[in-house]
1. Being surrounded by fewer than 19 Cβ atoms within 10 Å (Cβ to Cβ), assigned to a helix (DSSP H, G or I) and either more than 16 Å from the ligand (Cβ to nearest atom) or not polar (S, T, N, Q) (or both) is the filter here; which residues of the stretch 375-415 pass it?
2. Just a yes or no: is a residue in the stretch 252-260 over 30 Å from residue 320 (Cβ atoms) and in contact with a Gly (Cβ under 6 Å, 6 or more places away or on another chain)?
3. If you check 298, 248, which single one turns out to be within 25 Å of residue 168 (Cβ to Cβ) and either more than 16 Å from the ligand (Cβ to nearest atom) or crowded, with 21+ Cβ neighbours inside 10 Å (or both)?
4. Considering each residue of the stretch 10-28, count those that are loosely packed, with under 12 Cβ neighbours inside 10 Å and at pLDDT 55 or above, and give that number.
5. Being acidic (Asp, Glu) and surrounded by fewer than 16 Cβ atoms within 10 Å (Cβ to Cβ): is that true of residue 96 here?
6. Starting from the stretch 332-352, keep only residues that are in contact (Cβ under 8 Å) with a residue 60 or more places away in the chain, then list their pairs with residues that are within 10 Å of the ligand (Cβ to nearest atom) whose Cβ atoms are within a distance under 7 Å, requiring at least 6 positions of separation or different chains.
7. Residues of the stretch 38-54 being in contact (Cβ under 8 Å) with a residue 60 or more places away in the chain and either out of contact with any helix residue (DSSP H, G or I) (no Cβ under 7 Å at 6 or more places or on another chain) or farther than 25 Å from residue 385 by Cα (or both), which ones?
8. For the stretch 325-335, check the following and say yes or no: at least one residue is under 17 Å from residue 163 (Cβ atoms), touching a strand residue (DSSP E or B) at 6+ places or on another chain (Cβ under 8 Å) and of a type in the set (S, T, N, Q).
Amino acid sequence: MAQNGSTPNLSQLPPEMLDFAILKSGGALAPRLGRLSLQGRKTILTPAFIGNTSRGVIPHISQDNYRKCGVDGVYIPLEDFIEKYPNKTPPVFQLETPEPLRAFTALPNDSLVVLGPRRNPPILTPNGHTNTEISLLTSVGFKMVSSEYYAAAARKLQPDIVVGLADIPFGKEKVSIKRKDKMSDRTEVWLRDIIAKQNTVEANERKFNIFAPMLPIERDLQSWYLEHLLDDMVDKISGVAIYDAYLLDDLPDELHHLPRLSFHDPASPQDVLRQIGMGMDLFTIPFITTATDAGIALSFTFPPPSEKPQDDVRQALGVDMWHADLAQSVTPLSEDCACYACTKHHRAYIQHLLSAKEMLGWVLIQIHNHAVLNTFFSSIRASIERGTFDADVAAFTAFYEPQLPEKTGQGPRVRGYQFNSNELAREGRKNPKAYKKFDEEKIVQLRAAHGQLVGKKPEVRDVIDDEALVGLVGMGNEDVDVRLEGLEIEDTKT
Ligand SMILES: [Zn+2]
């Protein structure tokens, strides 16, 4: 791996070798600039984010609109594809083609594909992990999948990057020291499994790169794992997957040259800045889709506008497109945005789409929200380059509200496995009922509209109107026809 810009010529590297060059670094726990390159894929300047997918697509964005999101890579969880396991071979494994995962999900050839076991953020599973298996959630329920199966899946699917299995008891508030010991032991064994599988890739096949997980526990509790990682696996891994950004401090020096992919779910742009300030390189940003589903068009710039917000009130990070004030607003989602949604449509139209539950409403907001994050990240890189990052972060924090706006409107219909864990814990129905009972008052109104009085039985009409008769006759005829045919056959038999 090259450091500080002394990149070897890309053509000298084996074609599937991931190269990460650190272009600027202020030392440990400081923001840094990097360049992630892999032959045949678009070069990614870091800090950056990649698309967070559901079943291989960025939610609301079909693959023909993928380019409009401006991302150069995606994160794909294996749990989205293996609902048929273990009874049948999942369809994604049945493709006999190079790079089956890319082919199956119809992603462009130049897009980086990162495979991990679980969605980000993962939905908590009721079963614990065992020494050889992790618990994950497919679209038909929770399943146990072995480390061997995961390694074999990576070998077969040929993604560019595979995130090693980590034994993390998600959602557990307290984890005992004994359990943490186990996390370290198992993660070490599972990483060995995947490295062993990588070694079986033939010379003429595309080799996948491995990102080693860093457990969200104190360094001395994962020392067993880290020691072995440094002793005999470090040259086999191409990056690290970080589950707790605040433990970046504990990252061994020997791993500092590797790209860092964050699985520490940021709740807000400020959280993203905090992680970048500690030296994070690559993100998936789940809040983009959360905001889109809520009908919130993100709206923030970095650094923030120089003029102070009015009355010293901090500005919102997004615009709630359900807000009644926007019903006649013919301005773009954000004034300065050059995205497809902002150049072609206005707020009133998007609000109309949302109220009509037209999918296009969410599609346009999702395209816009990705564009906002793209600009956010390129401005962050420029700010690190200029050396004004800390001051810009302080200005951003002072200018904007600390959290994204609350959801007010109704989101698109979602399936159980698309929930994030926070939402799962929330009370009430996931999808509101499409058909509801009217309340008493409404029933009286409706009856009155039909000429009925409360408590009085509806009039029984003794004449059936023509329309109803036609309907009955039609239905009767079909019935009769079928029977007649049957009879005829019987007749001919006898
Ligand atoms: Zn836009």
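The values are calculated or read from the model by the stated rules, or taken from the named source; none is laboratory data. All of these numbers come straight from a predicted model, not from anything done at the bench. Positions of Cβ are generated from backbone atoms using ideal geometry, with glycine treated the same way; all protein chains shown enter the neighbour counts.
1. Result: 382, 385, 386, 390, 391, 394, 395, 397, 398.
2. Going residue by residue through the stretch 252-260, those that are over 30 Å from residue 320 (Cβ atoms) are 252-260.
Checking the rest, the ones that are also in contact with a Gly (Cβ under 6 Å, 6 or more places away or on another chain) come to 258-259.
Looking for residues that are over 30 Å from residue 320 (Cβ atoms) and in contact with a Gly (Cβ under 6 Å, 6 or more places away or on another chain), one finds at least one in the stretch 252-260, hence yes.
3. On the way: 298 fails: within 25 Å of residue 168 (Cβ to Cβ).
The match here is 248.
4. First pass over the stretch 10-28, keeping only residues loosely packed, with under 12 Cβ neighbours inside 10 Å: 11-12, 14-15, 27.
With the extra rule that they be at pLDDT 55 or above, the set shrinks to 12, 14-15, 27.
Qualifying residue count, the stretch 10-28: 4.
5. Numbers: acidic (Asp, Glu): yes; surrounded by fewer than 16 Cβ atoms within 10 Å (Cβ to Cβ): yes.
Here the answer is yes, as residue 96 does meet what is asked.
6. From residues that are in contact (Cβ under 8 Å) with a residue 60 or more places away in the chain, the pairs are 339/367; 339/368; 339/371; 340/367.
7. So in the stretch 38-54, the residues in contact (Cβ under 8 Å) with a residue 60 or more places away in the chain come out as 38, 40-42, 44-52, 54.
Answer for the stretch 38-54, where residues must be in contact (Cβ under 8 Å) with a residue 60 or more places away in the chain and either out of contact with any helix residue (DSSP H, G or I) (no Cβ under 7 Å at 6 or more places or on another chain) or farther than 25 Å from residue 385 by Cα (or both): 38, 40, 41, 42, 44, 46, 50, 52, 54.
8. Let us first name the residues in the stretch 325-335 that are under 17 Å from residue 163 (Cβ atoms), namely none.
Looking for residues that are under 17 Å from residue 163 (Cβ atoms), touching a strand residue (DSSP E or B) at 6+ places or on another chain (Cβ under 8 Å) and of a type in the set (S, T, N, Q), one finds none in the stretch 325-335, hence no.
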